[in-house]
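Okay, structure first, notes after.
The values are calculated or read from the model by the stated rules, or taken from the named source; none is laboratory data. Since we're looking at a predicted model, the values are computed, not measured. A quick note on method: Cβ atoms are made from the backbone with ideal geometry, for glycine too, and the neighbour counts reach across all protein chains shown.
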Amino acid sequence: MLLDILMNVFRPAMLLSILGGVAMGISIGAMPGLTSTMGVALLMPMTFAMDPDVGMMVLIGLFCGAIYGGSITAILINTPGTPSAAATVLDGYKFTMRGEAGRALGISTVSSFGGGIISGIFLIFIAPILAEIALKFSAPETFALAFFGISIIASISGNSLIKGLMSGTLGLILALIGMDNITGYSRFTFGSTFLMAGLSFIPVLVGLFAMSQCFLSIEEIYERRVMDNTTKRSIPTLQDLKTIFPTILRAGITGTFIGAIPGAGGDISAFVSYDMEKRVSKHPEKFGTGIPEGIAAPEASNNGTTGGALIPLLTLGIPGDANTAVMLGALMVHNLTPGPQLFVDQAETVYTLFAGFMLANVFMLILGLSGLRAFVKIVSIPRQVLVPVIMVLCTVGSYAINNNFNDVIVMLIAGVIGYFLTKGGFPLSPIVLALILGPMAEGNFRRSLVMSNGSYAIFLERPIALAFIVIAVISLFLPIIKKGIKVQKESKASA
């Protein structure tokens with residue numbers, strides 16, 4: 001069977017389908033507003049006329065490529081192409097400001113490949129075990145995971161914890177807009193039917209990062225952009241690889257585990273891995289200033305979720321995220337019913353998908369590294385040309401989410417808010433993190449109370465939930481404690 005699988009995967013049609021899917025994914029991921037989910041959804045009907053394995057290879061290749069593609073614009077123009085690249089902005093753009101865009105993209109490419117391969121290994125060998133663990137996550141555990149994610153705000157707030165917490169609070173308030181998913185009452189909609197469904201996340205993300213950056217660039221339109229003088233170092237050096245290797249291992253495993261939890265995704269795992277790497281680092285104060293680990297952690301993690309999300313999909317028929325939810329439909333159309341029986345009845349097809357997933361990551365590495373010299377040329381485009389192009393892409397991407405011009409208005413308002421917050425020294429990442437995790441935390445918190453008839457003890461009685469809550473509390477107060485200790489030492493030294 002192994003020989004048959006290898007012969008099937010290395011067919012020209014199969015290789016071209018994987019390569020084409022990865023190439024399209026990278027292109028879609030690099031465009032602000034065009035998410036991997038949108039790409040998979042748009043391409044899925046075209047795969048219906050293909051053989052099942054060929055059609056699924058295209059979708060898997062696009063999925064892997066799009067998650068990586070989001071880091072390109074995150075590093076080059078401070079604009080995450082996909083939500084899962086939001087954490088990459090923290091250190092990635094600092095490299096471009098120093099003229100090291102090529103080096104940063106090389107680190108991102110290698111880290112994305114490493115995270116994808118790690119998740120692929122888990123997918124092949126221990127998928128059923130991870131799926132069984134993921135099934136233990138009900139409302140209390142998912143709330144605890146979201147609460148832990150929100151506590152990371154303390155780590156990504158930069159120099160001012162107060163400003164970071166204020167930004168996070170703003171994100172939580174924005175997350176409350178819309179219809180209450182438990183009672184059905186509308187909140188902060190001001191009579192608008194558009195706001196009943198809540199704020200669409202992608203327009204807010206594009207506005208906060210991309211449009212606000214355009215407004216800032218307009219201020220400096222007559223200043224010369226820093227040119228990239230290190231394109232010869234597009235491929236990471238041996239020292240870079242040595243530095244990021246432990247980070248890739250940790251972040252890849254973390255991303256695989258979080259990706260296997262239904263409802264979680266690359267955006268959550270990227271921030272979690274970034275925070276975890278900062279805590280284990282010997283120089284945590286350098287995070288946010290542009291260091292290799294600050295790129296490797298989120299990129300290895302969000303690409304690790306690609307294989308992780310396929311684990312519950314194939315073993316249990318439960319999609320791990322929005323992308324695999326669309327893939328579930330594609331599998332059903334091709335008469336492939338996900339679940340344990342799939343490994344018995346269609347074992348060759350399943351392991352062909354596994355092999356294709358690994359090849360998709362290899363093609364992603366090849367296309368990514370071979371295209372680095374072209375990617376870095378973006379930073380040399382005059383701002384008078386680049387800024388209008390970015391603004392048009394932001395507008396088109398925001399409108400394409402729901403084909404609603406109101407999303408464009410939300411994007412513009414978010415851009416203005418992001419502009420003034422940036423000028424005031426407020427970090428934008430806590431807003432994004434809170435906006436992602438706020439609804440997840442609130443919904444699962446209230447569902448947990450329904451399960452326990454209003455008893456808060458449910459969070460203490462479940463070991464996984466309790467562990468996440470304890471870690472979250474430590475994460476939230478540890479920076480405050482460290483700062484207090486530092487102040488005391490400085491006062492004693494001055495005395």
- Note on the structure: Sole miss for Ile485 among (1) more than 26 Å from Ser167 (Cα to Cα); (2) of a type in the set (Val, Ile, Thr); (3) out of contact with any helix residue (DSSP H, G or I) (no Cβ under 9 Å at 6 or more places or on another chain) is condition (1)
- Task: Can you run down the residue pairs with Cβ atoms below 7 Å, 6 or more apart or on separate chains, where the first is in region 131-159 and closer than 30 Å to Phe343 by Cα and modelled with pLDDT of 75 or more and the partner is β-branched (Val, Ile, Thr) and in a helix (DSSP H, G or I)?
- Result: Glu141/Ile464
- Query: Out of all the residues in region 429-451, is one or more aromatic (Phe, Trp, Tyr), modelled with pLDDT of 85 or more and outside any helix (DSSP H, G or I)?
  - Reply: no
- Would you say Ile431 is in contact with a helix residue (DSSP H, G or I) (Cβ under 7 Å, 6 or more places away or on another chain) and farther than 22 Å from Ala87 by Cα? no
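I'd like the full set of residues that are aromatic (Phe, Trp, Tyr) and within 26 Å of Val89 (Cα to Cα), limited to region 174-215.
Phe201, Phe209, Phe215
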- Query: Taking region 75-88, which residues are under 11 Å from the mean Cα position of the chain (by Cα) and assigned to a helix (DSSP H, G or I)?
  - Reply: Pro83, Ser84, Ala85, Ala86, Ala87, Thr88
- Task: Out of Ala66, Ala41, Ala74, report the one residue that is over 30 Å from Arg98 (Cβ atoms) and of a type in the set (A, V, I, L, M, F, W, C).
- Result: Ala41
- Message: One residue is enough: does region 434-457 have a residue meeting the conditions surrounded by fewer than 20 Cβ atoms within 10 Å (Cβ to Cβ), hydroxyl-bearing (Ser, Thr, Tyr) and farther than 15 Å from Ala139 by Cβ?
- Response: no
- Note on the structure: Subset of region 135-146, residues farther than 18 Å from Ser167 by Cβ and not basic (Lys, Arg), comes to Leu135, Phe137, Ser138, Ala139, Pro140, Glu141, Thr142, Phe143, Ala144, Leu145
- Query: In region 275-292, which residues are free of Cβ contacts under 8 Å to residues at least 60 places away in the same chain and either buried (at least 20 other Cβ atoms within 10 Å of the Cβ) or within 26 Å of Ser36 (Cα to Cα) (or both)?
  - Reply: Met276, Glu277
- Message: Can you tell me which residue is modelled with the highest pLDDT among those in region 72-107 that are hydroxyl-bearing (Ser, Thr, Tyr) and in contact with a Gly (Cβ under 7 Å, 6 or more places away or on another chain)?
- Response: Thr73
